[in-house]
Amino acid sequence: MDGGERAQGLQAALTLLENGESEQAEVVGRRLLAADRSDIEALLLLALAIGLRGDAFTAASMLNEVACARPMHAHPCRDLAQLLAAAGKPGCIARQYRACLGLAPHDTRLLYAFAEFLREAGDAAAAIALLVPVLQAHRTSAEAQYQMGLALAEAGQFDAAAESFRQAVAYDPRPAVFWANLGMMLKVENRFDEALDAYAEALLRSPQDSQIRVNRAVARLHAGRFAEAWQDEAWVLAQPGRAALPPETMLPRLSLLPDLAGRTVLVVQEEGHGDTLQFLRYLPLLAARGARVIAAVPPALARVMRTVPGVAEAPDGDAPVPRYDFHCSFNGLPRAFETTLETIPRDVPYLAADPTLAVEWALRLPPRQGLRVGLVWAGQARPWLPGFTGLDRRRSTSLATLAPLAAVRGAQFVSLQKGPMADDPPPFDMIDVMHGVVDFADTAAIVANLDLVVSVDTSVAHLAGAMGKPVFLLDRYDNCWRWLSGREDSPWYPSLRIFRQPRSGEWEPVIARVAVALAEIVGSLRAAL
C-alpha cells in the first residue's frame with residue numbers, strides 16, 4: 001500500500017467513525033494495519049472502531065499501545081469517549097476508561113482524563129477518590145494538585161480547591177490556568193484582593209487570554225468594583241469572533257456618544273433570559289437619548305419585550321437582523337452606561353404584566369387562601385455551555401427541600417417551575433397551572449396575581465424583581481456576581497431579599513430562615529386585619 005492509498009484509507013476510516021459507522025471503520029482499520037503492523041494511526045482508528053462498537057477490553061489494549069507509542073499526546077481513550085458520547089452511548093464511557101486503567105493503572109494521562117469525565121458527568125466525589133492515590137504518589141506534582149483542585153471545585157469544596165491550586169502554582173508557577181483557577185476559587189470565598197492578584201499573575205503569563213479577562217472582570221463586579229470591571233469587559237467584547245455582529249459597530253461607552261438622536265441601536269440576547277430581564281431596564285434610557293431601540297430576543301421573551309417603554313421593535317431571535325447603526329448585548333449595556341453601584345438604574349418596576357393576561361390567569365387560579373407564594377426550585381442546565389451543568393446543579397434544589405415552608409400556616413403555594421424539574425412530585429399542597437404557560441408574558445401574568453416569589457437564582461427571580469414583586473432569593477454559596485457579597489439586599493431590585501447558603505450545598509439552613517421570614521409576613525397580615 002503506497003502513501004496515497006494509506007492516506008485515503010485513514011481519512012475514510014475517520015469519516016466512518018465520525019458518522020458512527022464502527023463496523024465499516026473496523027474493516028478499513030484492519031486492512032490498513034495488515035499492510036503495516038507498525039502503523040500507529042491505523043491502530044488508533046481500529047481501536048476506536050472496536051471501542052465504538054462496544055468491545056471495551058479489546059479496544060483497551062490497543063488504546064494503551066497507542067498511548068505508549070505517543071507519550072507526548074493525551075491518552076486516546078479520551079478520543080473514544082468523545083465518539084461514544086456523540087454516538088449516544090455515554091454509558092459505555094466509564095466502562096472503557098476502567099478497561100484501560102485495568103491494563104495501565106498508573107498512567108496519569110488516563111487517570112486525569114477519567115477524572116475529567118467524572119467531573120463533567122456530575123460525579124465529583126468519584127473523581128476525587130480516583131485522584132487521591134495519584135496525589136499520594138506524586139505529592140509535588142503541579143498537575144496532580146491542579147487536577148485535584150478541579151475535582152474539589154466541582155464538588156463544592158472551594159476552600160480546599162483553592163489550597164490545591166495554591167500548591168500547583170507553588171510547584172510550577174508557569175501555567176496561566178493554574179493562577180486563573182486559584183483566582184476563581186479565592187473569588188468564591190470572597191477574598192477579592194487575593195483573587196485579583198492571582199488573575200494578574202495569570203494575565204502576566206497569558207495576556208491575550210480573553211476568558212481570564214472575563215473571569216477577572218466578573219471578580220471585580222462581584223467585589224462591587226464596576227468601573228474597573230468595565231475596563232476588562234470592553235476589551236473582551238471587542239475581541240473578533242465573540243459575537244456574530246461586527247465589533248466595529250458595537251455601542252461605545254455613552255460618555256463618548258451621549259447623543260443617539262437618529263441612530264438605531266440593536267440590542268441582542270447574548271446569555272440567559274435572566275440577564276436580559278435584568279438589563280432591559282437600560283432600554284428606556286437608550287430611547288431617552290434619542291435612539292430607536294430594537295430588542296432582538298428569543299420567542300419566550302418577545303411578548304414581554306413589546307411592553308417595555310422605548311422599544312420601537314422587538315423581533316424574536318429567529319427573525320432576520322434588522323438594519324442598525326450600533327449593536328450591543330443586554331449584558332453589555334451596563335458597560336455602555338459605565339454603571340457603578342451608585343448609578344444602577346433603580347426605576348423599578350420597569351416591567352408589568354399585560355392586564356388582560358393577568359385577569360385571564362387570575363381566573364385559572366383557585367380562590368385565594370392566605371398569602372400567595374410562587375415557588376421556583378431549579379434552573380435550566382444548558383449542557384451546551386461548558387461548566388454550566390455543574391453550576392446549575394449547585395444553584396438548584398428540589399421541591400422536597402422546600403417542604404418546611406408548608407408548615408407556615410396561612411400561605412398558599414403556586415408553582416412557577418418549568419422544565420424537567422417541574423415533574424417533581426409535590427410533598428405538600430401546591431397549585432400548578434404551568435402546563436398552560438407559553439412564555440414569560442404568561443409567567444408575568446401569574447406573578448401579578450401573587451404576593452411573593454421564592455426562587456433560586458434563575459430568570460423568574462429577575463422577572464418578579466423587575467415587576468417590583470417581593471422576592472426571596474435562594475442563593476447558592478458560589479453565587480453570581482450580581483448579588484455581590486455580604487449583603488441581604490440588592491441594588492438591582494429593591495424588593496428582593498437574599499438568603500445565602502452558609503456552606504456549599506446546604507439548603508436546609510436557607511429554607512429554615514425563609515420559613516421564619518414567611519411566617520413573619522403572614523403574622524403581619526393577620527395583625528393588620
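The values are calculated or read from the model by the stated rules, or taken from the named source; none is laboratory data. Note that the structure is a prediction, hence the values are computed from the model and not measured. All Cβ positions, glycine included, derive from the backbone under ideal geometry; neighbour counts span all protein chains shown. These area figures cover heavy atoms from the full protein model, side chains too; ligands, DNA and RNA do not enter into them. Shrake-Rupley method; radii C 1.70, N 1.55, O 1.52, S 1.80 Å.
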Any chance you could count how many residues in the stretch 4-15 are surrounded by 15 or more Cβ atoms within 10 Å (Cβ to Cβ) and either closer than 11 Å to L48 by Cα or polar (S, T, N, Q) (or both)? 2
Take the stretch 276-299 and flag every residue that is in a helix (DSSP H, G or I) and crowded, with 19+ Cβ neighbours inside 10 Å. T276, L277, Q278, F279, L280, R281, Y282, L283, L286
Matching residues in the stretch 155-168 - criterion: being touching an Asp or Glu at 6+ places or on another chain (Cβ under 9 Å) and farther than 11 Å from M185 by Cα: A168
Output for the stretch 210-237, where each listed residue is open to solvent by 50 Å² or more (accessible area, probe 1.4 Å) and modelled with pLDDT under 95: Q211, A227, E228, Q231, W235
Single match in G332, G272 (criterion: open to solvent by less than 30 Å² (accessible area, probe 1.4 Å), under 18 Å from D439 (Cα atoms) and small (G, A, S)): G272
Restricting attention to the stretch 85-108, the residues that are in a helix (DSSP H, G or I) and either farther than 14 Å from A60 by Cα or of a type in the set (V, I, T) (or both) number exactly 6
Just checking, how many residues over the stretch 367-392 are out of contact with any Asp or Glu (no Cβ under 6 Å at 6 or more places or on another chain), modelled with pLDDT under 95 and either of a type outside the set (D, E) or open to solvent by 20 Å² or more (accessible area, probe 1.4 Å) (or both)? 15
A527 meets each of (1) more than 23 Å from A300 (Cα to Cα); (2) modelled with pLDDT of 95 or more; (3) of a type in the set (A, V, I, L, M, F, W, C); (4) out of contact with any Ser or Thr (no Cβ under 9 Å at 6 or more places or on another chain) with one exception, condition (2)
Residues of the stretch 303-350 being part of a helix (DSSP H, G or I) and in contact with a Ser or Thr (Cβ under 6 Å, 6 or more places away or on another chain), which ones? F330
Of the residues in the stretch 144-164 that are touching a residue at least 40 places away in the same chain (Cβ under 8 Å) and assigned to a loop (DSSP other than H, G, I, E, B), the one that is most open to solvent (accessible area, probe 1.4 Å) is Q157
In the stretch 404-437, which residues are among the hydrophobic types (A, V, I, L, M, F, W, C), open to solvent by 40 Å² or more (accessible area, probe 1.4 Å) and over 28 Å from the mean Cα position of the chain (by Cα)? A406, A407, M430
Could you list, in sequence order, the residues of the stretch 94-119 that are open to solvent by less than 20 Å² (accessible area, probe 1.4 Å) and under 24 Å from the mean Cα position of the chain (by Cα)? A113, F114, A115, L118
Note: among P320, P309, P298, just one is out of contact with any strand residue (DSSP E or B) (no Cβ under 7 Å at 6 or more places or on another chain) and within 24 Å of P247 (Cα to Cα), namely P320
Looking at the stretch 88-103, is at least one residue more than 24 Å from L150 (Cβ to Cβ), without any contact (Cβ under 8 Å) to a residue 60 or more places away in the chain and touching a Cys at 6+ places or on another chain (Cβ under 6 Å)? no
State whether the residues of the stretch 120-143 include one that is touching a residue at least 60 places away in the same chain (Cβ under 8 Å), surrounded by fewer than 22 Cβ atoms within 10 Å (Cβ to Cβ) and either assigned to a helix (DSSP H, G or I) or touching a strand residue (DSSP E or B) at 6+ places or on another chain (Cβ under 7 Å) (or both). yes
Identify, please: which residue in the stretch 38-69 is in a loop (DSSP other than H, G, I, E, B) and open to solvent by 60 Å² or more (accessible area, probe 1.4 Å) and is, among those, farthest from A13 (Cα to Cα)? S38
From (1) under 30 Å from A137 (Cβ atoms); (2) crowded, with 17+ Cβ neighbours inside 10 Å; (3) under 33 Å from the mean Cα position of the chain (by Cα), pick out the condition that doesn't hold for M72. (2)
Scan (1) in contact with a helix residue (DSSP H, G or I) (Cβ under 9 Å, 6 or more places away or on another chain); (2) open to solvent by less than 10 Å² (accessible area, probe 1.4 Å) for the single condition R303 breaks and write down its number. (2)
Looking at A13, is it among the aliphatic types (A, V, I, L, M) and modelled with pLDDT under 90? yes
Among the residues of the stretch 496-523, which ones are open to solvent by less than 20 Å² (accessible area, probe 1.4 Å) and either within 23 Å of N190 (Cβ to Cβ) or of a type in the set (K, R) (or both)? L496, I498, F499, Q501, W507, V510, I511, V514
Can you tell me which residue in the stretch 335-346 is surrounded by the most Cβ atoms within 10 Å (Cβ to Cβ), limited to those that are within 12 Å of F279 (Cα to Cα) and of a type in the set (D, E, K, R)? R335
Test: residue in the stretch 9-21 that is within 37 Å of the chain's Cα centre (by Cα) and among the acidic types (D, E): yes
When residues of the stretch 1-29 are filtered for being under 21 Å from A81 (Cα atoms) and of a type outside the set (V, I, T), how many remain? 17
